[in-house]
Structure formats: structure tokens, C-alpha cells
């Protein structure tokens, strides 16, 4: 690959947008050639427009770029969308119609029948929906979505178990970081020394998206996986990293050591293809009693690994464990970038 | 009742000991006449010995009392023990043997066959074990324990459901406050912006104690309730108030509105007897999507109410909800005080 | 006083507005008869309109009241204004013109020459400006302001020193709670595990208001006190309670014990008049090395006392100390209520 | 330099010890050949003994090393001491006597007349004390200390001002991170949503060490700089990074832009010598109103830069600003490593 593919970022100034900038600034395959955001930001340089909240500095070159309107005249082939769901729907469609490959972090199109919710490790075959999508919608481009941040973390942990034993039922309680709500997001008065026992709409997303992600591609759509998923979502005073307490009922009996081996040995297509953003170990299994912890583990493999710990028997279902994923990396910007890398590796832009 | 009963507090300087002091300073039935703590504190006044961590000031009179050794020569009839479990076992036995009525917050004797884990709303009939205990051990006094703080919160929420529908299975994930670990307890380096996905030994306590609390008194012991309980315990950056995400499978079918009515209408013996520390509403049902929250709800009814919210269907078991209890009040010191009040009301000191 | 005075609250749904509601719900002299807030809230009951953030519940009666528009047809004699400064200016004037006694927490009129910034303990004689104000502006009512929350805390600590020794120079660094920024206020992404070294406009307020509060009433205005004040303001991850590290240069030499005695013995007009909201001890002096602390001390005397600690020599100026005040009680709602009480006691509504 | 110098770490398992391990694992000049810690840890591998609290993983090779006793038979030439001050004094002396070059982070020897408190940018000439120290004490090795973490941050900010204008008086209030207190360190019950207005002994350290660091080497000791320093130290709920609000009185008049230029243009010997751990910009000047912030700025130049912001006039002294330094990197482990690098560059081990 001699020449980098030109990519644009929609919603580039937000929390997830900043992660896209950070991930793409030095990407071996992609080059950021366009930034777009809401009206308030357009016409200013990125450095002027953004309220940068990451520890690493704003990449020098990108800081100087002008922020444009999110209209399909951007100089790029690929679009990474970090738009807010209140506006993402029609804008992403416009870009797809105009021929752009849109990788979206927004929820708007996730449940569309002809749009995949892609996790390269889990359901790469769902990419076949793209062809159908373009045909049906008469689009030159297409939309690929990634799941909700909590959904992705859960699915990554379920993937080896589904592959090796089959999953029947899942009960999950999440403890989610404030960065998942964007900026300004969660008021400090609500979360300092406190916990909020609900995140609007998040439980339904986890329950529906998980079944679609593990679903079977049949004819013209994804047949949802028959597993039952029940989720409770809470917000805790953590900066980055969603933790989830998960219990599962399996289809086939398995010993505790088989379960651990399933996590430990898990590897999939992105690892095989050595995609640039793919973690070497998609699942990191920790045996210590007090792991995973957001502060110590969310950045494992640059925030792209999913960390599983406390695997043990569950007297109500079969097994239980705690899983942690970085919500704005593996759970958002990194997810979309990995999705795009998979398409590159499969020859979409050859 | 003309004359107050004389009570002593063991472990009076710790986090739970301070709550005992706070609750008993103005108690209508009890008068603090003895304070005991570890060697480090003895010989000093309470004010000198304690590192007071509560918002209300140290009660004037108690601040001036001398801290004594935890030996059974204290001038009192009733003992409230907030001793650490590393020392509580034999000390509490000595006091019981010597004729004191011991109300213990320590785990040491909870699972003894002839010792009740008392929640006055739930299992007042377990007090009959006291007679057996005294006969078997040839003690003049006795030991009554309260459950672990997370256990009590869970059992309070389960009590109306067990009474009205019967409980088959319970799956709970706790998000516990740092005050539950005492002082110095949880290092700030471990919990600032972080979450610890385990509390040593806590899950076993919840699973075993719950079954005993709901167990049937038969012959000479408590037959554990046949319900299955599976718990995951985590520590979050909250000061006071344990939250628990709970799913239950019931024995008898019930509609969502019946479930809510069961919570809402719950009342029991302490309410009937109007015990001084009993909450008027043992269960407070909140209908808002974002409640209960530790900061806003842990102090409901002076920290003695249990607050339930987010009651809804669970696709894996039957129903799920979030419950919050104040861990050092209803879950510790307040629990023991309420236990003692029940015995007073039943005529033990007449 | 047989009949309570009728009071209205402007901006009743905000952080300070909620404190007004809490303080006035059971007030011996005042009765809440009107609530007003921005358009978004009008027409709903207070319970529906407010996002209540206090630990105590919404007072039953007030919860049922309708929220009105902030227009001078409210059924009350006294107005407590917790309006945002973006709108407070003209609205408060309208009310004063229409004959209401307006006690404002907003900054808009504080520096007006004919408007007092009142601290009943410090400058009750500034109330004489009211007459001038009414004459000049041809108003039937009037406006009295309270200082900025950090200003009040600082001035309370300086008051005994100014009275006993005279103040020449003051250097202060504040560490302010998030509740000072209202709701939603400070985003959690900005303050979790972090510190923000600036609060817009706050330093100027402290520097100018302090000089006016200690200023001399002469002819038709307040001559600012000649002391020099230099402030740095920061935001920390504290819920309630502003801490300030203060160094002072005095006019007259004083020993450390004289300084402490000055703090300890301080009492003033509100104490003499036994105003209902006045703290018995306006200054609480703590001798412990690690006090005052927001969590333990902000609620001293129901949040109306100012807590001073760590009094010691300063090698650069003369003395230094740390002072803590509750920012939404003594520093806002409680300040305005105390102001109004002073006028009642002085016979304004006789 | 073909062969790396062999270095040992004392107190390797603590908070600062872990930073030494992290910094030295890949150091171009040094190779970790010995780890020592307290009795509790000896005989175990580093991985077993340490409670690792950093986001980066334990370096593979170092994790396998055995933890030894802190006795002067370690296989190394250079000692980095992160020992607790309760034991550091005599142990460090033993090592120096036995011929090791000891770079200590402990306070024990800082104020010894013949021991330098070295900041390579500020007082490299103080290294001449080493010869005197060895002669006087008849030691084959020697001890070089670094200052207290808050002292170093303050001195880095004062250095350009002292060089360009001279400093007369300094008034500082610190807001320090919990990692400065080690592990377990600050209990979460003390700091969650709270602030502690004192750090034992820290103010005296800042006041005395600063004067020594800027002192003149004359005859056989350091003559303290005549500047007056007054400090107030507080602990805030921040993980890493000490903030300080500083006011200074200068010897020579200077304009605000000259002050800023002095900060901005500052560079010194470590930059000239291109020492591996030296920051390219020892002072980073931020012009934004809300910087420096611990979370965003503490890691500037790998935690070795000192970040200055909010530079403006002070009406009491001359100028005021806020400075931030990483307390366990530039303020502790990184400081000692930079000290050692300076000696290497000056030919001590040639």
C-alpha cells in the first residue's frame, strides 16, 4: 500500500471525534484530509474549535486544519462519523449516497436491516450486507456501524464463549465511565461521590445490538441470535473504561478451566490479518482477584484489548465474570477504525 | 419505660463504632455508659482517641468518656460490638458468657447454628435461638448478629417479594461505598476515578447469610431457604450507600404492578411496634428513571429505609431492580440498634 | 411577630434556588408564597420543574406550588433572587421599582454605588444606602445584594482581624466546590481527579467586593477600604464548601494568640439580635492540624458558620490561615435570608 | 558510552520505586541490576512483591528479578533510593560509605551541610559538595538528594525569574495529588469529595529546601538564598500532579511580557547536555485561562516538564501564576534519574 487512503471525520470536536483524531494522526493506511463539525465550529481551525480533553497533545498538522461543514463535498474517500445521534441519521445517509464509505459510531442506522453492526473479530461475514445495502438504496457508498460502547465490550467477552460453547442467556450490569456521555456530558454534581443507576436507552441497545451482532446472515438480513440478554446500566465516577458484571448460561456444559482457556486462546480475523489497530490479544484474561480495574486495565493494548477477570461459577446461571473495555477506543473510535481496516484488508479500495 | 438501659460499645472508635455513638447519643431507651476499643485507644478520652469522620459533631458527653478495654467488666447490660472480625470472635463470647446481651456487627458468629442473623422486619422469630444458645453454651448472656451490610440491603428488598410471591433465584451485583471498608480502609490511589471489581469474602457472605436470614426455624437451627443466590461485589467511589443491581426469579407469577405494590405496601413488626429506630417506610419505592442514588437517597428515613427503584421485567429471570441501603446505618450500626430495640419491645429487660 | 412575611423566590429551580426553598420552608418569619423561574419551568409544579439535588426531600407544600414567570406581579413582599446573572439585572430592577424588597445573590448590582453588599455581621450600616437608592431611582422597593460566595467566606474571616487590628494586605487562593457553578455546571470530565486553576471573573469579584464590604459609608456611597486584595481562584472535586488559603498583613502588630482570640471571640449584630438564621458562633476556630475540611466542617451551624483553622505566622505577610465556608448556604441563599432577617429585626416591615 | 551503568533501586515496590522501575527499564545509560525493599518483600520476585499501580505494565525482565535486602552488597554502582524516610537515613549512609553513588528521594539527608539538593537545571554547581562530603565523611561513595516534590515544582518555576530578575519573596499554596503520599497513603474516606488543608512537615520542607537549592556554594557549605518563602500545603482529590498558586516579589522591576518571556525562553544545562531524561522545554508556558490542569498537563514531556500558566500581576506582591509538576516523575523518580545523568555527563564514571 503505497498511498494512504484519504479520510474525513464528522463530529471531530467531540469526545469520540478527538479519539478519531488521536488514532488517525499517525495511521499507516489512513490520512486525515477533512474535518467537519457543527456550525459553531466551522470556519475555525481545529485547534481553535476543539475543547481538547485528551492527555496527548493535539496533533500539530490536524490542529491547523479548517473545520468544515458536514456536507458530502469533503475531500476524502472514507468517513468516520462521531456525530451526535440527534443529527447523524440523514447526514450519514447523504455521504453514503454520494459515494463515501461511512463508518459510523452513531446509533441511528445500527438496527437498519441492511446495515451491519460490525465487530471484525466477531461477525466479519456481516459485511456482505454492504452489497445489498447499496443495491437496495441505490447508493454509491455505504454505511457500516459499530455497536454501542457497552455492547462491544460485552460482545468481545461473549465471542469466545459463543464460538466454543454457545450462549443461551446473558445477564449484565454495567458500571460505565463518564467519557461515554461526551462533553459536557455528566454534570459533576451528579457523579462526584455518587452513582446513577440508569443510562437512558443504553439497556435496550445492549439487548438488541448483541443479538444482531451474533446473528446469522440469511438471505437479505441478519437473523438475531436466539440468546436472551438482560442488562442494567449504571454510571460511576470513572473517567475511561466501562466495567460489566456478566453471568452467562451456556448451551454446552464446560468446566471452569475450559472457560478460561476459551478466553485466553481467543484470536480471530483481525489478528490473523494483522490489522494495524487490532490488539494482539483481543481478550486479556487476568487471574488476580481485584482485576480488571479501569485505571489499570482500560489502556491494555492501546485501549483495544478487552480485559476479563474474576471468572468463576455462577449458581444461578453457569459462569460469571467481570469484563472491562475502553469505551472511547475499543468501544467507539477504535472500533470504527478497525472496521475500516478490515475493509481495506479485504480489498475494497484496491 | 422510666429508666434507660445501659449500653456499651466495643470498637467505638471505628467507622461503625462512630455510627453507634451517633445513633445512641440521644436514644430514648438506651444510654451509653461504656466505650471500649483496642489497646491503642484505652486510657484516653473518646474525643482524644477517635478520628471522627462524621459530619455531625462528637456528642459532648460521650467525647469526655474514657475508652476502656473490651473486657467483660463494663458497666452496662447491652453490648453493641463494632469490633473488627480479626478480634471479635472470642471477645464477644466472653461478654455473652458473662451475661451481657451482645449485638454484633462482626461476621464471626453469624453462621453459628445457634446464633440468629436478625433483621427485625424479616425474621423476628429467629430470636427463639437465643434460648437454645444460652442453654447449649451455658451462657448467662447471648449473641445476636446483624448481617453483612450488602446482605441486609438485599434482604430488605427481597422481603416483600418473598412474603408475597416466594423467591427462587437471585442474581445481584453490588456497587459498594468506601465507608464499608472502615478507616483507613480503601486507599485513595485505588478508588479515585476507578472501580475495584471484588471485595474479599463479601460474595460468600451475601450468598450464605441471605439463605439463613430467610431460613425456617426448625428444631434447633435455621434450615437455609432453598433460594439460589449469586453475587458479584464491587467497590466504587461513593462515600456512603451500597447500590445493588438485582434480578429475581419468583415462585409464583406476578405482574409488574403487583411487584411494585408489594414493595410499596411493605411493613412489618418494627413498624407495628413503632421501634424508635425503625423507618416508617422500610421500603421506599422510587419511580424516577435515575433513582436510587447514594448521595440523594442513602439518608432516607435517617438512613434506615431501603430505597428501591428501576423495577422492571428481566428477560433472563423475572424482574430486576436497583436497591440502595445505607451501609453503616441500616447496614451496620442501625441494624444492631434495631435488633436490640426489638428485644426490649418483646420484654427481655422487664 | 404574629403573621409571617410573604416571600417569593426567583430562579427557584437552580442550585441556589433549591437552597432558598430548603431554608425558607420552615422559616419562623417568612412564608414562601411565590416561586418563579425561567420559561422552561413555568406552568409546572415545582416538583415537576426542579431537578432536586439536595439530600433532604422537597418540602411537601412547596413541591405542589406552580412555578410562575419572574414578573413583578407575584404575591409577596420580599423577593429572594437566585437568578443567573445573564438575566438578573433588569428583572431585579423591575421588582424593586414595583415595590418589592429584593435580596439578590446575583452579581449584577453589587458594584452599583447605591446598592449595598450586605453581610449583617460586617457592615450593617451599609443598609443606609437603601434610602438613597430609593430616592435616586424613585423606587418603591429596593435591592440589597450579598457578595460572591468566596468573597463572603473571606470577609467573614477578615472581619474580626479588621475590627481588632486593621487589615493592610490580603493574599488568597481559593479551592472551590462544584456546587458553586450551579447545575449542570462543571462537567465531570473536567473535574474528576482534576483541578481547574481558574474560575472566570471570580478573582475580580473577590478583590473588588471585599474592599466595598469593608468600605466606609460616606455621603452618598461606599468609599472602598484601602486594603489590597489579591486572589487566585481554583475549582476542586469537592461538592459543597469553598476553602481559602489566606495570608494577611495587619495594620497593628498582634501576637498569634491575640489573632486566635480575635477569631474565637468574634460576635456581631446578628448574634446580638438572635436572627433566626444567624450562627451562634459566626467563626469556629479549629486547632487541629487537618481542619477545616469541606466534608466535615462545611455544615457547621447549619452551614452558616465560617470555619477557620491552621492559624500561624506567615514569613511574607504577617499571619496565614485556611478558611472554609458553605458556598450555597452562608455564601449564597443563607446570606440573603440573613440579610432579610436583619431588615425585619430593624423594623422595615413594622 | 558502550556499556550501561549498573543501578539498584531501594524501596523498589513503593509508589516512587515503581516510577524508578518504569523510567529505568528502557534507559539508554542505566541497567537495573538490583532491586531491594523491606523485609516483607525480600525473597520474592518483583512481580510477586509489588502492588503495581501504574497504567503501563511491569517491565517483563524486572518483574522476574528477586527483591533483595537493602544492604550494601548489591551488584550495582549507582543506587536510586525511594526508601521511606523512617528507614532511609542510615541505610543510604551505609551504601555511600561502601562506595555506591546514592541518589536519594528521601528527606533525611537533604539539609545536611555537605549534601546537595540537586536540580540539574538550577544548581549544578552544588555538586562540588560531593568531594567535600567524601573527604569529611571518609566515604568512597556519596549521597545526592533531590528536593521534595512540591519544592522541585516551585523551584523550577522560580528558576527563570531568579536568573533574570532576582527573587525577594514567595508565597505559595499547593494543591497536591494523592500519589505524593505513597501507598496505601491517603484513605479514600479522607479525600473523596474533600480537601485536607495540611500535609505534615511539607511546608517547612518547601520553605527550607527552596532557600538551599537557590543558595550560594561558599567555602564548605551552601549559604541559603535570602529570599523569604511562605507555603501552605493542601491535599486534593487528584491522582498525579501537584498544582501550586504562587505569588512572587522580584528584586528588579519587570514587565508582564518580560516575565512570560523569561518562562518561555528558559533552558539550562540538562538541555544543553541533552541528558536523556531532560525535557526539551523545562518550562511550558500556557496562555489559556484554564491551564495548567493535572489531568491534561502533568504528563507534559513525559512528566519532566513544569507547566506554568495564569501569569499575571499580583497587587500584593509583583506577579502571580499557577505551576504544575508531576510529583512522582519530575518531583521524585525522574528528578533522581536526571541527577544521576548529570553526573554521568560530567564524567564521574569515566
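How much of the DSSP bridge set in the stretch A:149-326 is antiparallel, in percent, rounded to the nearest 5?
Antiparallel: roughly 65 percent of the beta bridges in the stretch A:149-326.
Checking the a/c ratio against 1.5 first, then a/b against b/c, what shape does the Cα gyration tensor give for the protein assembly as shown? Provide the component values of the computation, followed by the final result.
Values: a/c = 1.18, a/b = 1.02, b/c = 1.16.
Taking the square roots of the gyration eigenvalues as a ≥ b ≥ c, the protein assembly as shown is rounded.
Calculate the FRET efficiency for residue C:163 and residue C:84 from the Cβ-Cβ distance with a Förster distance of 35 Å, rounded to the nearest 0.05. Walk me through the numbers on the way to the answer.
Working: r = 35 Å, r/R0 = 0.99.
For R0 = 35 Å, the calculated efficiency reads 0.50.
Shielding of B:48-60 by partners, i.e. mean partner chain Cβ atoms within 10 Å per residue?
Across the residues of B:48-60, the mean count of other-chain Cβ atoms within 10 Å is 2.
Post the alpha-carbon centroid distance, the stretch A:135-198 to the stretch B:272-288, in whole angstrom.
First find each Cα centre; the distance between them is then 37 Å.
Using only Cα atoms, find the angle between the long axis of helix C:149-164 and the longest principal axis of chain C, and express it within 0 to 90 degrees, rounded to the nearest 10.
Approximately 50 degrees, to the nearest 10.
Counting each DSSP H run of 4 or more residues in chain B as -39500 (n - 2.57), what helix-only mean residue ellipticity at 222 nm follows after dividing by all residues, to the nearest 500 deg cm²/dmol? Could the numbers behind the result be given before it?
Working: 13 runs with 106 residues, N = 350.
Dividing the helical sum by the residues of chain B leaves -8000 deg cm²/dmol.
For a quick check, take a GNM of chain D with Cα springs below 10 Å and name the residue from D:18, D:77, D:176 with the largest mean-square fluctuation.
Result: D:77 has the largest fluctuation of those listed.
Please tell me the relative contact order of the stretch A:60-206 in percent, rounded to the nearest whole number, where contacts are Cα pairs under 8 Å and at least six residues apart.
Relative contact order here is 19 percent.
What residue among A:123, A:146, A:73 has the largest mean-square fluctuation in a Gaussian network model of chain A, using Cα springs under 10 Å?
Evaluated over chain A, the most mobile residue of the options is A:73.
Please give the Cα centre distance for the stretch A:34-72 versus the stretch B:64-119, rounded to the nearest Å.
Measuring centre to centre over Cα atoms gives 65 Å.
Residue by residue through C:286-297, how many Cβ atoms from other chains fall within 10 Å of the Cβ on average?
Counting Cβ atoms of other protein chains within 10 Å of each residue's Cβ and averaging gives 5.
Taking every DSSP beta bridge that has both residues in chain D, what percent is antiparallel when rounded to the nearest 5?
45
At a threshold of 8 angstrom on Cα-Cα distance, excluding pairs fewer than six apart, so keeping six or more, what relative contact order does the stretch A:149-326 reach in percent?
Working: 357 pairs, mean separation 49.0, N = 178.
The normalised contact order for the stretch A:149-326 reaches 28 percent.
What is the average number of partner chain Cβ atoms found within 10 Å of a Cβ in A:176-189?
Details: counts 0, 5, 5, 3, 0, 3, 2, 4, 7, 5, 5, 12, 19, 16.
Across the residues of A:176-189, the mean count of other-chain Cβ atoms within 10 Å is 6.
Between residue D:55 and residue A:140, what FRET efficiency comes out of the Förster formula 1/(1 + (r/R0)^6) with R0 = 45 Å and r the beta carbon distance, rounded to 0.05?
Efficiency computed from Cβ-Cβ geometry: 0.55.
Tell me whether the stretch A:253-297 comes out rounded, prolate or oblate; compute the Cα gyration tensor, take square roots of the eigenvalues as a ≥ b ≥ c, and use a/c under 1.5 as the rounded threshold.
oblate
Pairs of Cα atoms under 8 Å, at least six residues apart: use those to get the relative contact order of the stretch B:1-92, whole percent.
Contact order relative to length: 38 percent.
Could you give me D for chain B, from Stokes-Einstein at 4 °C and 1.567 mPa s, where the hydrodynamic radius is the Kirkwood radius over C-alpha pairs? Units µm² s⁻¹, please.
64
Which residue fluctuates most in the GNM of chain B (Cα springs below 10 Å): B:304, B:175, B:65?
Comparing B:304, B:175, B:65 in a Gaussian network model of chain B, the most mobile one is B:65.
Does the stretch D:149-326 come out rounded, prolate or oblate, given a ≥ b ≥ c as the square roots of the eigenvalues of its C-alpha gyration tensor, rounded meaning a/c under 1.5 and, failing that, prolate meaning a/b above b/c?
Taking the square roots of the gyration eigenvalues as a ≥ b ≥ c, the stretch D:149-326 is rounded.
Determine the percent antiparallel among the DSSP beta bridges restricted to the protein assembly as shown, to the nearest 5.
That works out to approximately 45 percent antiparallel.
Between residue D:4 and residue A:271, what's the calculated FRET efficiency when r is the beta-carbon distance and R0 is 51 Å? Round to 0.05.
Working: r = 35 Å, r/R0 = 0.69.
It comes out at approximately 0.90.
Helix A:202-213 versus the longest principal axis of chain A: what angle, 0 to 90°, nearest 10, using Cα atoms?
90
Using only Cα atoms, find the angle between the long axis of helix B:15-24 and the longest principal axis of chain B, and express it within 0 to 90 degrees, rounded to the nearest 10.
80
We did not get these values from a lab; they are worked out from the coordinates using the rules stated. Quick caveat, the model's predicted, so the values are computed rather than measured. Every residue, glycine as well, gets a Cβ built from its backbone with ideal geometry; the counts of neighbours run over all protein chains shown.
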